[in-house]
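Remarks on the structure that follows.
The values are calculated or read from the model by the stated rules, or taken from the named source; none is laboratory data. These numbers come from a predicted model, not from an experiment. Please note: Cβ atoms are built from the backbone with ideal geometry, for glycine as well, and neighbour counts cover all protein chains shown.
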Amino acid sequence: MPGDLPDYYFRIRDNGAVLFKVDTENRQRRIELDEIATINLKNGNVRPHGDHVLTAEERALIKDWIAARSAELARRDIDDIRRAVDHLNLTAHWAQSRATEEQLEEVTDDLLLAMHDLRTVLIRRKADRLAKGAKAAE
């Protein structure tokens, strides 16, 4: 089993991860995780743990992990938005076909405000994109 384990392990946490070196070469033949760095995705900060000096291999591994993790989180964001669109459609169907007057009274104002806020943001951002496109075309 020790031969099947990776040399490094990333423990995911909010805004990044902690990188561990996997150690199986010890007297007790136990798997030990030695913390070697903390990674912050928001600002790209990598802090070695204690007096550990990151090797070029570890820095490359961290750089690759940051790129892969950032891409994965971006894919998840888009998936979440597509699910929100589906949910809006299901909510419209619910409101039209199954909702009681009491249920509608309970959620209508919250839904209208949230949709108004979203619409305002989307229109502003679309106008910005169109304005940039017009300037680029000139």
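When Leu61 is tested against (1) part of a helix (DSSP H, G or I); (2) more than 25 Å from Arg11 (Cα to Cα), exactly one condition is not met: (2).
Considering every residue within region 31-54, establish whether at least one is modelled with pLDDT under 95, β-branched (Val, Ile, Thr), touching a helix residue (DSSP H, G or I) at 6+ places or on another chain (Cβ under 6 Å) and more than 24 Å from Ala71 (Cα to Cα). Checked against the condition, which is being modelled with pLDDT under 95, β-branched (Val, Ile, Thr), touching a helix residue (DSSP H, G or I) at 6+ places or on another chain (Cβ under 6 Å) and more than 24 Å from Ala71 (Cα to Cα), region 31-54 yields no hits at all.
For (1) touching a helix residue (DSSP H, G or I) at 6+ places or on another chain (Cβ under 7 Å); (2) surrounded by 10 or more Cβ atoms within 10 Å (Cβ to Cβ); (3) assigned to a helix (DSSP H, G or I), each residue gets a yes or a no:
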| site | (1), (2), (3) |
| --- | --- |
| Ala99 | no, yes, no |
| Glu102 | no, no, yes |
| Glu106 | no, yes, yes |
| Asp109 | no, no, yes |
| Ala114 | no, yes, yes |
| Leu122 | no, yes, yes |
| Arg125 | no, yes, yes |
| Leu130 | no, yes, yes |
| Lys135 | no, no, yes |
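If you go through region 17-33, how many residues are within 26 Å of Glu72 (Cα to Cα) and not aromatic (Phe, Trp, Tyr)? I'd like the intermediate steps shown before the answer.
Filtering region 17-33 down to residues within 26 Å of Glu72 (Cα to Cα) leaves 17-22, 33.
Still in the running and not aromatic (Phe, Trp, Tyr): 17-19, 21-22, 33.
Selection size over region 17-33: 6.
Only residues that are free of Cβ contacts under 8 Å to residues at least 40 places away in the same chain and either of a type outside the set (D, E, K, R) or surrounded by 12 or more Cβ atoms within 10 Å (Cβ to Cβ) (or both): list them for region 17-32, please. Don't jump to the end; show me each part of the working.
Of region 17-32, the ones free of Cβ contacts under 8 Å to residues at least 40 places away in the same chain are 18, 20-32.
Result: Val18, Phe20, Lys21, Val22, Asp23, Thr24, Asn26, Gln28, Ile31, Glu32.
Please verify whether Asn40 is surrounded by 10 or more Cβ atoms within 10 Å (Cβ to Cβ), within 30 Å of Asp7 (Cβ to Cβ), polar (S, T, N, Q) and in contact with a strand residue (DSSP E or B) (Cβ under 6 Å, 6 or more places away or on another chain), treating the condition exactly as stated. For Asn40, the condition - surrounded by 10 or more Cβ atoms within 10 Å (Cβ to Cβ), within 30 Å of Asp7 (Cβ to Cβ), polar (S, T, N, Q) and in contact with a strand residue (DSSP E or B) (Cβ under 6 Å, 6 or more places away or on another chain) - is met.
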